[in-house]
Every structure is written in structure tokens, then in C-alpha cells.
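Below is one structure, written out as C-alpha cells; the observations come after it.
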Amino acid sequence: MLEVEVKYRNADRTAAVATLLEWGATLAQDRTDLDLYFQAPDRDLKASDEAFRLRRIGPKNCLTYKGPRRDTETKTRPEIEVPLGDGDTAAADMQRLLVALGYTPVTTVKKKRRVYQFARDGFDLEACFDTVDGVGAFVELEILADEAQYDAAKTVLLAAATELGLTEQEPRSYLSMVLQTQGSPLA
């Protein structure tokens, strides 16, 4: 599955939410995400433009692998997400397992996220209003699409961004921005 995504800074959130509601969007989630990113023991994930994380959303836990980006207009990349058991113990056990296998924790990205869901031109979209600790406020638009739908999904996503008045695209990942604010050599 491909994650077709764009991220924007300095958005007029009030206007964007109003437009989303006119489109029939619904508020699906209001949550806090804790994403612990890892470096692999066998290759440099930053150099290969990949990411691997343990995500915690309340009691829910999952592992996510994100492959290299496909283009420069969007942050499209293959994404594999695997749900884990719920709770602190399951998250701690998975972290210990990964460390035992040679994975190194890099940093944690914490964000507050309001997720609106809506449909446009045959696609289900999410608009995520994120506030990332130490980095700032952003709006992400996302479509999960099959490979065969990639071009159409990208067109719908970019058109929705334009109609929402989103203009200041941010190509960096939250991980990269957090590492830069920490002065990490991994940034």
C-alpha cells in the first residue's frame, strides 16, 4: 500500500476546517501520538530514506515501516503497518525485542493530532491537524492507495490542498525536524 501524503506549515486552520466540514468531513480522532523511531542494525535508514517506528496512540501500539519517497511533489512512500498488543507492557516488550535484535532508538516524536476524514473523487482522505512538540503546527493530507491508483490519488490530494488554501509545503519529516531542533548529527 502507498501512503500518498503532503504536509503544510502556517495554514489557516479555522478556514481549512470550515471547508472540510462543507465537504462533509467528520472529526474521526483527537489524539496524542508517541512515535519512537529506530535505526536498523544492517543499514542506515536515513541514507536510504526509510523510517521504522513504534507508535503509541493511547493504549494502542503498532510498528510502521516507511519506504523511500517516490516523488518530490508529495511524500508518497510504501507503508507497512502492523498492529501490536495494547498497553504499556506490550510497547515496552516490543522496544526491548527490537533493541535485542540490534535496533537503536533514535528519538521520540510527540504530536497532538486531530484527524478529519472525508471523500473526494472516489478516494478516502484524512486531514490531520498536528502540533508537534518542539517543531510547530502543520496540516497533513493523506490517501492510502494501491500502486495502480498512485497518479490519480496524487492529483486528488494536491487539488484538495489547493482548495483548502494550503500553500507552504513542508517536505521534511517530523523525525527530521525534531532531530534538527535537538542538534542531532542524524538530522
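The values are calculated or read from the model by the stated rules, or taken from the named source; none is laboratory data. Computed from a predicted model, the values in this text were never measured in an experiment. For neighbour counting, all protein chains shown are included, and Cβ atoms are generated from backbone atoms with ideal geometry for every residue, glycine included. Each accessible area value is taken on the protein alone, full model and side chains, heavy atoms only, with ligands, DNA and RNA left out. Shrake-Rupley method; radii C 1.70, N 1.55, O 1.52, S 1.80 Å.
Worth a mention:
- Ordering Ala100, Gln117, Thr76 by the projection of their Cα atoms onto the charge dipole of the chain, which places +1 on the Cβ of Lys and Arg and -1 on the Cβ of Asp and Glu, puts Ala100 at the extreme positive end.
- Legend: distances between Cα atoms for Lys66/Lys154; Lys60/Lys112; Lys60/Lys154; Lys66/Lys110; Lys7/Lys154; pairs beyond 22 Å are Lys60/Lys154.
- Fraction of the pair-distance distribution of the chain above 21 Å, Cα-Cα pairs, percent: 52 percent
- J(HN,Hα) series, region 134-146, from Karplus relation 6.51 cos²θ - 1.76 cosθ + 1.60, nearest Hz, glycine and proline x: x, 10, x, 9, 8, 10, 10, 10, 8, 10, 9, 9, 6
- Largest-first principal axis extents of the Cα set of region 1-112 (Å): 50, 34, 25
- Crossing angle, helix 150-163 versus the chain [Cα axis fit, 0-90 degrees, rounded to tens]: 60 degrees
- Ordering Val99, Val132 by accessible surface, largest first, gives Val99, Val132; the 1.4 Å probe counts only protein heavy atoms, with every chain in place.
- 0 to 90° range, to nearest 10: angle between helix 88-100 axis and the chain longest Cα axis: 60 degrees
- If you take the Cα centroid of region 140-187 and the Cα centroid of region 23-79, the two points sit 11 Å apart.
- Counting Lys and Arg as +1 and Asp and Glu as -1 over every other residue whose Cβ lies under 14 Å from the Cβ of Leu141, the net charge comes to -4.
- Note on Phe129: accessible area is roughly 10 Å² with a 1.4 Å probe, heavy atoms of protein only.
- For the peptides 34-40, 62-68, the ranking by mean Cβ contacts within 10 Å, running from highest to lowest, is 34-40, 62-68.
- Unit Cα scatterers, Debye sum, region 67-127: log10 I(q)/I(0) for q = 0.29 Å⁻¹: -1.20
- Heavy-atom accessible area for Glu5, with the other protein chains in place and a 1.4 Å probe, reaches approximately 10 Å².
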